[in-house]
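Before any comments, here is the structure.
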Amino acid sequence: MLEEFENYRVAHHQEAKDWKSKTGGKVLGTLCCNVPEEIIHAAGMLPVRLLGEHEPTTEADLHLPTNLCPYCKSWFDQVLKGKYDYLDGMVIPNVCNIIKASYGFSKYLFKLSYVHFVDIPQSISPEGVEFFAKNIMDFKKSIEDFSGKPISDKALRHSIDVYNENRTLLDKMYTLRKKYPSVLSGSEAQSVVISSMLMPKEEHNRLLSRLIKDMEKSDKALEKRVSLFVSASILDDTDFFKLIEECGGNVVTDDMPMGSRYFYGLVDSKDEPLHALAERYLTKIACPRKMLPADRLAFSVSRMEGANINGTIIHSMRACDPHLYEYPLLRQEMEKQGLPVLFFRGEETATEREQQKSDIEAFIEMLQDQME
Amino acid sequence: MVQSTSAKKSLQTTLEVPVLRRKYYAQTLDDSQKGKKVAWCSNNIPSEILDAMDVTGVFLENYATVIASKRLGSGFCAAGEKVGFSQDVCGYARMLMGYVLAKNDAPEAPYGGLAKPDFLLVSANSCDSRLGWFSAMSSVLNTPLYVYDSPSQPDGASNSLVVAEHIETELRNLISFLEKQTGNKFNPDKVRRRMDISRQTSEIMYEISQLRKAVPSPMGSADMFTAVWPSMYLSGTKECEDFYKRLRAEMEERIARKIGIVPEERFRIMWSGIPFWYDMQLINYVENFGGVVALESFYRVRERRIPSQHDDPIKDMALTAVRQHGYPSGISGSIEDLLEAVEEYKINGVILSYNPSCRMLLISQTELQKALEDRGIPTLGLECDMADERTYSEGQVKTRMDAFVERLLAKNS
Amino acid sequence: MLTAGIDVGSSTSKAVILQDNKILSYSIIPTSAESADSAQRAFDKALDKTQFISPDDIHWIIATGYGRVVVTFAKETVTELSCHVKGANWLFPSVRTVLDMGGQDCKAIKCDGQGRLLNFTMNDKCAAGTGRFFELIAKVMDLPLSDIGELSLETDDEVRMSSTCAVFGKSEVASLMRQGRNKSDILGGVHTAVSDRIVTLLRRVGITPDLAITGGIARNIGIVKRVEKRVGCRALIPEEPQIIGALGAALFARDRASRN
Amino acid sequence: MLVCGIDVGSRNVSTTILLDGAILSNCVITSSEEGATIARKVVIEALAKTEFKFTDIECTVATGCGRNSVPFANRQSTEVVCQAKGAFHLFPDARIVINLGAESSRVMRLNSEGKVVAFTKNDKCAAGSGLFLETMSQLLAIPLESMGELSLKADGCEEVSSICAVFAESEVISHIHKGVPKQYILVGIHKAVTTKIMELLGLVGVNKDIILTGGVAKNQAIVHELEQKIGANVFVAPEPQIVGALGAALIAQETIQDRGMPSVKRL
């Protein structure tokens, strides 16, 4: 069951190519969880999230300076090397300085027939929602021009339903594993979430419903491992969570763009679709670029409810501005909650895991020692 | 102890700026004592509105450059890093967080420190870091924060009418926020008066920009990095306008009499990015070889301000904001812009600062450098933080500068 | 006409004595903490080797390298970047790109047919991929510096280095040793990591053949082979790669002297 | 009951043998040999001074970055826990333990029972580690052991501001060129290192009752600078290099007491 998600995640380049040849549809690359994917879905295209690959970059270094977000450099490198040649276009949201700038770079350096920029307001307010709704309308128009077909209201409402179903299911999976961590490990859950960003949603919903049924039936044995909360900027594969598991811990819930931030909060299906999308994508995604620290911290605490957490690991990608400013505050807040904190500044290299391992081991040993 | 780090200036008018600046900071402290509300602001918060609301604005990025130029940056940065602000984050932000959090272990703050803020105002239009920085600061100080959202979008990605509308709304919200905080009523006439002066000043700034094309250079970056200060922080005042009138006059005189920065101008350099505030004499360094840093990527005024179109000054302000935010517009726009400047200002070589803590500017530098080299324009990349002098190695930087000059001279010979 | 070039680098000081178009003698000595003194000693040693030339016979002296400003007996200074291409291009007139790795920096330099500096890039603010890095590694592995390049090629199971810091790289190597990893495998990893950085530098400046490698690193066959493979062209290696900077300085001195 | 703790660090391997809870013997060896070989060697050397032999040891716990390479260890424990345990044993009032090793610096905060509640470690750059001091010692041609003392005698300071350890070298060289007295530079070096340590302390929270362990703790200038910056006394463990091994030995003893039998695997 789980292998189906995992296999898809690992072979995502090939899977996307297969989807294309099977359906004749277009594949659009997206970044971060702020792109209203329903628009792409409603136009019959497949949105796929760009992932880093933890290999040394070579081509990107000729165009970008050294001290930049390694995740961005990695997908950039892959595009330049042709690994993303199957993309018909990209949709780039305004989520940080680097991704915003990558819009210009994508138009300048990549051979893509379609690149669209979705601006996102920096303050969560009714005015922000109004502005964002207008941007989404522009986005919809632009997709319609690209595909040559209008997106009907019905199609959009249907896509919203499909996405809401996926969100509901993922949320259910999280609730179950928070309560009974032994039924699904952190890395397994992450594999499911990441594959949702790559797979056609209907297919993902089908597999996920089955997984949840299995989870409900499975043996809810008491978890003996140290339970951790992870707050991260970008963790685009499951290696880090696996490392934690190797060291005797388990991630039972998280706050990260490639985790719970992807599916948290539904789109109001009764509302006018564009406004409803704006409302959900602006106000429900707890991204530090637009949400103030107090609200972010409240969100993190709410994510931990119902889980018996022993400690927190904060993982920020190197040079990731939104998260690095927040880290000292988040650390303080977690410690106030009685949760010890371990912090990493990630490099997105395959080899850094070795160094991280010794810290994670120490952290888990420390938590076990406290629990005794 | 602290040796002078400021650049050697060539123009008399520029020398007025340190006096103006000192006066301004003394004024903010005085205002605060008298009970005027103090706002700590990021750049891009319109001072015309602050003035109309009788609010004293203190601009933190500017204060950061003051700290850095006194070589106190590393001390305050260390205080910020101590609570966990990574060396990756903006040098200005780390310093000011350090200033806020430091107890007795930080250096003495310049100008007797800053007036205590009643609230914070941030505009993060072109730089997300500001939002992270100000919201962290607002948490630490437990002070209200208003986020003025004024989007800037790359390369025609935007619907400028929609953006202007949004900015207008945001400006009105800013005003209501200030009304609530201060209890003062907004006075549109006051804003209009200041905007008129601002507009006239920017006309003069535009002319100054044009005058800088003259050979030999009538004013280099050593002066401009200082001379730009009034336009950023005294915008819309008579004092500011008069300053630039005097500056323009001095430049015109220098042009008429063919007085350059160096006796015999051999080559002209452009500085791309933020300078290294703790060693501004680096800008003068090329003068030893008959060169002059004649232009910087930042403060070239590309066009006149659009004339007043509405009775409502806020509408005008929003429209101006959309126009201004158009620069630089994505990578291809930046390249065009740079090449155009090189041409117009007869630039022989470009120094690009690779500022590791300012990703917003950093990200384009490699591609800009490549584009310049592809067109045969010599470049030099220097990787140093703008504020944190710990990233600076004088010997290394000077060797690279020397080699760059050798290259330029070999090319011209 | 007799001219001299003095190159005061961070780890070695070099002197070259040139008679018109011929190298008369040269010297290489370690740079001590007192580098003015090192410059003098390098110069003296080169003079001694000629057996008949006294300092007064030298028409023009140019100093280069990291410590160039402390060479009080030099008439003027030129940066090592200009000197390296000058020297390399004189030795191999076909050279258009020079890779030089010194103690604390690594540079990729481009020149024209006359050996004039056209463009250059240098390593970022990090010492990984410098000569110093290799010294540290050789020391921790208890191997002569001259052996590590050769050894690095005798591996088919390279380790992957994770540290980007020269000093930490050293301790990473120490811990790999303690884990009992084969020395060649470790060295293979180290050399590959450094070669990757070098190739990026070269590609940033643009590689125009022919390529010459100068500085101590040119003696490291492990780096030379890997760089050649990655950039796809053969590298020209001077017989005495460490004196190219000093040679270039002496050539500049000759040019200046004949002009005056 | 005879138990053994071994700390296989990046530079030194140290051991502590406890006999019925009291320290019987210690030994520290500097070597780059393989962990397995050197671990046995250090224990045998420590035992040579006593009447016991290798096989008398009932339980061995290994710590340090090479802890997994000790084949005869009954279990492993991380440096964080062992350093804290060792320090708490020596100073029952300890609340902050600063461990300054060759390649990494750690700061641990303990609760009143001696359990670690928070810890942090230096980042991926070498400034602020023992390696940095070592590099500087070579550069200035001043033995590592006398750096602290010389620095304390200085009546001036020359800042060393570079963040990168290797580039700090060139900064130091240029100070030397300018004729700055070496002891002034030493003061600057020590200030630079302690500034880094203070950053770590800032994250964990500075308390009183601070214990210093690890080889660098022998450097009096570091201790002095730290006391100046913290504004409180800092206590140095009597033999700072064996604190980790002592902690490991204490865990070995607890293991036997708790379970009656040494357990083979951790977790």
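The values are calculated or read from the model by the stated rules, or taken from the named source; none is laboratory data. Only a predicted model underlies this, so the values are computations on that prediction, with no experimental measurement involved. Quick reminder, even Gly has a Cβ in these numbers, built from the backbone with ideal geometry, and neighbours come from all protein chains shown.
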* Asked: Has the stretch B:97-106 got at least one residue that is out of contact with any Leu (no Cβ under 6 Å at 6 or more places or on another chain) and within 20 Å of residue A:318 (Cα to Cα)?
  -> yes
* Answer yes or no: is there a residue in the stretch B:299-310 that is more than 19 Å from the chain's Cα centre (by Cα) and modelled with pLDDT of 95 or more. => no
* Give just the number: which of (1) more than 14 Å from chain B (Cβ to nearest Cβ); (2) in contact (Cβ under 8 Å) with a residue 12 or more places away in the chain; (3) under 25 Å from residue D:171 (Cα atoms) does residue C:32 not satisfy? => (2)
* Asked: Can you tell me which residues in the stretch B:360-378 are surrounded by fewer than 22 Cβ atoms within 10 Å (Cβ to Cβ), more than 10 Å from chain A (Cβ to nearest Cβ) and either touching a residue at least 40 places away in the same chain (Cβ under 8 Å) or among the β-branched types (Val, Ile, Thr) (or both)?
  -> B:377
* If you go through the stretch A:302-330 one residue at a time, how many are in a helix (DSSP H, G or I), under 22 Å from residue A:366 (Cα atoms) and either touching a residue at least 12 places away in the same chain (Cβ under 8 Å) or among the β-branched types (Val, Ile, Thr) (or both)? -> 3
* **Residues within the stretch C:73-104 that are touching a Pro at 6+ places or on another chain (Cβ under 9 Å) and at pLDDT 95 or above, tallied** => 8
* helices (runs of 4 or more DSSP H) contained in the stretch C:73-155 and holding at least 3 residues over 17 Å from the mean Cα position of the chain (by Cα) -> C:131-141, C:148-152
* Criterion: within 14 Å of chain A (Cβ to nearest Cβ), crowded, with 23+ Cβ neighbours inside 10 Å and either modelled with pLDDT under 85 or closer than 30 Å to residue D:175 by Cα (or both) - qualifying residue of B:357, B:329 -> B:357
* To do: Give the residue, chosen from B:156, B:132, that is surrounded by 24 or more Cβ atoms within 10 Å (Cβ to Cβ), modelled with pLDDT under 95 and within 14 Å of chain A (Cβ to nearest Cβ).
  => B:132
* To do: Would you please name the residue that is surrounded by the fewest Cβ atoms within 10 Å (Cβ to Cβ), looking only at residues in the stretch D:47-75 that are in contact (Cβ under 8 Å) with a residue 40 or more places away in the chain and in a helix (DSSP H, G or I)?
  => D:56
* **Filter result (within 23 Å of residue A:37 (Cβ to Cβ), within 9 Å of chain B (Cβ to nearest Cβ) and out of contact with any Ser or Thr (no Cβ under 8 Å at 6 or more places or on another chain)) within the stretch A:61-110** => A:69, A:94, A:95, A:96, A:98, A:100, A:102, A:103, A:105
* Asked: In the stretch D:200-211, what residues are touching a residue at least 12 places away in the same chain (Cβ under 8 Å) and either among the charged types (D, E, K, R) or within 11 Å of another protein chain (Cβ to nearest Cβ) (or both)?
  -> D:200, D:201, D:203, D:204, D:205, D:206, D:208, D:209
* Just give me the residues in the stretch C:199-211 being within 12 Å of another protein chain (Cβ to nearest Cβ) and not in a loop (DSSP other than H, G, I, E, B), in sequence order. => C:199, C:200, C:201, C:202, C:203, C:204, C:205
* Consider residue A:94 carefully, then state whether it is of a type outside the set (Phe, Trp, Tyr), under 20 Å from the mean Cα position of the chain (by Cα) and at pLDDT below 95. => yes
* Asked: For residues in the stretch A:275-301 being under 16 Å from the mean Cα position of the chain (by Cα) and in a loop (DSSP other than H, G, I, E, B), which is farthest from the other protein chains (Cβ to nearest Cβ)?
  -> A:284
* Is there a residue being surrounded by fewer than 24 Cβ atoms within 10 Å (Cβ to Cβ) and among the hydrophobic types (A, V, I, L, M, F, W, C) anywhere in the stretch C:75-89? -> no
* **Qualifying position, being within 30 Å of residue B:170 (Cα to Cα) and either under 19 Å from the mean Cα position of the chain (by Cα) or more than 11 Å from chain B (Cβ to nearest Cβ) (or both), among A:118, A:48** => A:118
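Listed here are the residues, each with its yes/no results for (1) on the phi < 0 side of the Ramachandran plot; (2) in the same structural domain as residue D:230 (by TED's automatic domain parsing).
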{"site": "D:67", "(1), (2)": "yes, no"}
{"site": "D:80", "(1), (2)": "yes, no"}
{"site": "D:84", "(1), (2)": "yes, no"}
{"site": "D:102", "(1), (2)": "yes, yes"}
{"site": "D:105", "(1), (2)": "yes, yes"}
{"site": "D:114", "(1), (2)": "no, yes"}
{"site": "D:121", "(1), (2)": "yes, yes"}
* Hey, among C:100, C:105, which residue is in contact with a His (Cβ under 9 Å, 6 or more places away or on another chain) and within 24 Å of residue C:222 (Cα to Cα)? -> C:100
* The one condition in (1) under 20 Å from residue A:157 (Cβ atoms); (2) part of a helix (DSSP H, G or I); (3) more than 19 Å from the chain's Cα centre (by Cα) that residue A:268 fails to fulfil -> (2)
* Give the residue, chosen from B:408, B:338, B:319, that is surrounded by 18 or more Cβ atoms within 10 Å (Cβ to Cβ) and within 14 Å of chain A (Cβ to nearest Cβ). => B:338
* To do: Name the residue, out of D:145, D:158, D:149, D:171, that is closer than 28 Å to residue A:347 by Cβ and either at pLDDT below 85 or more than 9 Å from every other protein chain (Cβ to nearest Cβ) (or both).
  => D:171
* So, in the stretch A:166-186, of the ones that are of a type in the set (Ser, Thr, Tyr) and not in a helix (DSSP H, G or I), which residue ends up nearest to the chain's Cα centre (by Cα)? -> A:185
* Among (1) within 14 Å of chain C (Cβ to nearest Cβ); (2) surrounded by 14 or more Cβ atoms within 10 Å (Cβ to Cβ), which single condition is residue D:24 missing? -> (1)
* **Members of the stretch A:146-165 that are assigned to a helix (DSSP H, G or I) and either among the hydroxyl-bearing types (Ser, Thr, Tyr) or closer than 19 Å to residue A:93 by Cβ (or both)** => A:146, A:147, A:156, A:159, A:160, A:163
